[in-house]
Amino acid sequence: MEWANDGKSKGGVLAHLERLEIQVTRSHKNSEDLQRAQAVEGSLRTKIHKLRCLRDELRAEAKQRQARVKASAANVEPDQTLEISEQEVAERRRENMKAILRAYRFTGLSGKLTSRGVCVCISTAFEGNLLDSYFVDLVIQKPLRIHHHSIPVFIPLEEISAKYLQTNIQHFLFCLCEYLNAYAGRKYQADRLQSDFAAFLAGPLRRNSLCNLLSFTYKVEPRGQSVPFWARLRYKDLTTTLPTDVTVTYRGTDALSPSWEEQRASHENLFFSKPLHQVFTSFARKGEKLDMSLVS
Amino acid sequence: MDAQQAEVRALEAEIAALRRACEEPRTAGEDNWRAQKSLREMYQSDSGGWASSKDLRSHLGNLESELLFLSTLTGISIRNYSMKTEVLTNTEKTEKSITKVLQRHRLSGNCQMITFQLEFQILEIQDKESLSSVITDLNIIMEPTEYSELSEFVSRAEERRDLLMFFRSLHFFVEWCEYRKRTFEHFKEKYPEAVHLPEGAASSCMVVHSARQPGFELVIVWRVQIDEEGKVLPKLDLLPKAPQQALELDRNRVLETAPRSFRALLGVLGIEAALESLIKSLCTADSS
């Protein structure tokens with residue numbers, strides 16, 4: 001505000017006063033204006049401040065939403081596929097392990113864990129033929145005991161378990177396996193003789209349940225002039241499928257010719273060295289050749 | 001003031017725009033995210049979801065224990081197994097009640113240091129009365145192949161298609177080989193000067209010599225054999241070596257009869273004690 005620096009301007013004191021009055025009014029007006037301006041400015045400032053705050057809030061919210069939208073596209077899916085593939089991997093492993101457990105039967109021993117202990121399954125086979133399986137359910141306690149089993153009564157289970165069960169489970173099971181496989185093999189041979197070579201038998205096949213004592217009368221040629229022989233096979237070693245004692249005799253009244261005597265002796269050897277049904281297979285093959293030298 | 005008003009106007013405009021953006025309906029992406037989240041939460045609480053995976057994990061643990069038990073029991077670790085089945089078409093029209101199924105099996109694993117791969121076929125024939133299963137083909141590949149005793153055994157097993165015997169005998173064979181190795185190593189450690197393993201501890205040969213009598217040598221050959229029935233047996237032989245002069249001086253023919261005496265000794269003392277007494281007899285000659 002510039003005062004006119006003219007004390008000696010027109011009008012005298014009145015003029016001075018008038019001038020002063022104008023100045024005051026002006027200044028008042030100015031200050032009012034100023035105030036008004038200031039007030040306006042103040043409210044603007046506040047308003048701006050408020051608006052800025054609001055804008056910042058909204059900006060933040062909008063950013064959050066954007067982030068969420070991004071997340072829905074990106075993050076969630078890999079997470080889920082990770083979960084899925086973990087599950088898949090675990091299931092595949094389970095199927096693989098179950099298959100391997102089933103495959104153990106080819107080793108002769110397989111089994112399952114039970115709440116009491118373990119149930120072991122013993123498989124048997126002879127010459128590539130898969131035969132019956134048996135089980136032994138063991139209770140893991142001190143002392144170890146057999147809960148129940150499907151071992152035939154003529155297998156010396158008590159004897160074997162008395163020897164090995166408490167000291168060496170593996171030995172116990174291997175031993176049982178040996179006995180059962182040998183029994184299964186002997187049984188198989190006897191069954192095959194009865195079913196496939198009945199024509200060669202001149203009477204029933206006598207056998208015991210353990211199949212370690214067999215006797216029968218047979219002819220090398222089912223329909224022919226061959227001499228009937230009586231054979232007795234004894235398998236004293238219960239862990240083998242070949243006999244330990246073989247007797248082949250001629251039960252006729254006339255004397256046996258030398259060639260037949262030779263036959264008889266060779267048959268004894270055959271029964272010692274080959275499984276029963278294979279001996280008869282060889283008889284059958286010989287017969288097919290129509291060997292005239294057999295006819296005495 | 002204009003500037004400020006301009007700012008106010010700008011701010012108001014921005015705020016209006018932001019408000020519109022925030023009031024927009026949710027995008028498909030966000031919906032998807034919410035849906036997945038709730039599904040996961042549902043899945044977690046449902047017994048058919050993660051709870052069963054806990055079951056799965058404990059089931060896996062059970063299966064692992066069973067496998068460990070069987071591999072310890074049989075000595076055989078089966079690593080992989082697969083099977084394919086093929087129903088054979090019936091060419092015989094009269095035998096309608098017979099079904100034939102051919103199974104192709106593949107099995108691999110190891111028995112300690114020996115690995116095997118098996119491929120075999122099983123023919124299953126089902127008729128009215130019974131079901132028969134026969135192994136019709138068996139192929140065995142084994143590694144390592146240095147165990148010469150094994151190759152003959154493997155051919156026999158393949159010929160006979162005797163899978164059970166193959167596994168049983170393999171287990172005992174490996175056990176005997178391990179025992180032989182441990183025994184050789186034990187003696188080498190105990191008598192480092194006298195005992196030599198020219199082909200290593202895993203071989204079948206141990207040589208004992210005395211430092212003071214350089215010409216004398218006791219060669220012990222320990223083979224692990226598998227017989228026709230699949231039984232695994234150790235077979236030990238003693239081959240003494242001596243300089244010519246010694247042989248001439250040997251009136252009691254000790255050296256000649258040594259192999260037989262050794263076998264008798266084995267029968268009486270067992271393998272370890274017999275070997276120990278042999279080594280000691282040569283060593284005490286040194287110390288005296």
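Does A:R192 satisfy the condition of being in contact with a strand residue (DSSP E or B) (Cβ under 9 Å, 6 or more places away or on another chain), under 30 Å from A:E261 (Cβ atoms) and surrounded by fewer than 20 Cβ atoms within 10 Å (Cβ to Cβ)? Considered against the rule, which asks whether it is in contact with a strand residue (DSSP E or B) (Cβ under 9 Å, 6 or more places away or on another chain), under 30 Å from A:E261 (Cβ atoms) and surrounded by fewer than 20 Cβ atoms within 10 Å (Cβ to Cβ), A:R192 comes out as no.
For region B:128-147, name all the residues that are under 22 Å from the mean Cα position of the chain (by Cα) and under 21 Å from B:L107 (Cβ atoms).
The initial filter retains those residues of region B:128-147 that are under 22 Å from the mean Cα position of the chain (by Cα), namely B:138-147.
Hits for region B:128-147 are B:L138, B:N139, B:I140, B:I141, B:M142, B:E143, B:P144, B:T145, B:Y147.
Just to be sure before I move on: is B:E30 modelled with pLDDT under 55, in contact with a Lys or Arg (Cβ under 8 Å, 6 or more places away or on another chain) and either over 30 Å from B:L163 (Cα atoms) or within 7 Å of chain A (Cβ to nearest Cβ) (or both) in the structure I sent? Yes. Just one residue in the set A:S293, A:S282, A:S266 is part of a helix (DSSP H, G or I), at pLDDT below 85, on the phi < 0 side of the Ramachandran plot and out of contact with any Pro (no Cβ under 8 Å at 6 or more places or on another chain); that residue is A:S293.
A:L256 fulfils the conditions (1) within 51 Å of the chain's Cα centre (by Cα); (2) buried (at least 16 other Cβ atoms within 10 Å of the Cβ); (3) assigned to a loop (DSSP other than H, G, I, E, B) except for a single criterion, (1).
Restricting A:F174, A:F154 to those that are of a type in the set (F, W, Y) and part of a loop (DSSP other than H, G, I, E, B) reduces the list to A:F154. For region A:93-119, filtered to residues that are facing chain B (nearest Cβ under 8 Å) and in a strand (DSSP E or B), the residue that is nearest to A:L180 (Cα to Cα) is A:L109.
Residue count for region B:131-164 under the criterion of being in contact with a Phe, Trp or Tyr (Cβ under 9 Å, 6 or more places away or on another chain) and away from chain A (no Cβ under 14 Å): the result is 8. Screening the candidates A:Y218, A:Y134 for the property of being aromatic (F, W, Y) and under 35 Å from the mean Cα position of the chain (by Cα) yields one hit, A:Y134.
Could you list, in sequence order, the residues of region B:178-191 that are in a helix (DSSP H, G or I) and either touching a strand residue (DSSP E or B) at 6+ places or on another chain (Cβ under 7 Å) or not basic (K, R) (or both)? B:E178, B:Y179, B:R180, B:T183, B:F184, B:E185, B:H186, B:F187, B:K188, B:E189, listed by residue number.
Table: residues versus (1) out of contact with any strand residue (DSSP E or B) (no Cβ under 6 Å at 6 or more places or on another chain); (2) within 20 Å of A:L131 (Cα to Cα).
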| position | (1), (2) |
| --- | --- |
| B:T115 | no, no |
| B:F120 | no, yes |
| B:T136 | no, yes |
| B:I141 | no, no |
| B:V154 | no, no |
| B:R160 | yes, yes |
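So which residues in region A:207-238 are under 24 Å from B:G230 (Cβ atoms) and surrounded by 13 or more Cβ atoms within 10 Å (Cβ to Cβ)?
Filtering region A:207-238 down to residues under 24 Å from B:G230 (Cβ atoms) leaves A:210-212, A:214, A:233-238.
Matches in region A:207-238: A:L210, A:C211, A:N212, A:L214, A:L233, A:R234, A:Y235, A:L238.
Being modelled with pLDDT of 90 or more and over 30 Å from B:G230 (Cβ atoms) is true for just one of A:T249, A:T241. Which residue is that?
Values: A:T241 fails: over 30 Å from B:G230 (Cβ atoms).
None of the others qualify; the one that does is A:T249.
Residue check: is A:A99 within 30 Å of B:L123 (Cβ to Cβ), among the aliphatic types (A, V, I, L, M) and surrounded by fewer than 17 Cβ atoms within 10 Å (Cβ to Cβ)? Before the answer, list the steps.
Details: within 30 Å of B:L123 (Cβ to Cβ): yes; among the aliphatic types (A, V, I, L, M): yes; surrounded by fewer than 17 Cβ atoms within 10 Å (Cβ to Cβ): yes.
Yes; evaluated as a whole, the condition is true for this residue.
Only a single item in (1) over 30 Å from A:R116 (Cα atoms); (2) among the charged types (D, E, K, R); (3) surrounded by fewer than 16 Cβ atoms within 10 Å (Cβ to Cβ); (4) at pLDDT 60 or above is not met by B:E41, and it is number (4). Candidates B:F167, B:F173, B:F187: the one that is touching a helix residue (DSSP H, G or I) at 6+ places or on another chain (Cβ under 8 Å), within 25 Å of B:M83 (Cα to Cα) and either of a type in the set (V, I, T) or surrounded by 15 or more Cβ atoms within 10 Å (Cβ to Cβ) (or both) is B:F167.
The set of residues in region A:183-207 that are among the aliphatic types (A, V, I, L, M) and closer than 16 Å to A:G128 by Cβ contains only A:A184. Taken across region B:165-177, residues that are facing chain A (nearest Cβ under 10 Å), not in a helix (DSSP H, G or I) and not acidic (D, E) do not occur at all.
The values are calculated or read from the model by the stated rules, or taken from the named source; none is laboratory data. No experiment lies behind these values; they were computed from the predicted model shown. Note that each Cβ is placed from the backbone with ideal geometry, even for glycine, and that neighbours are counted across all protein chains shown.
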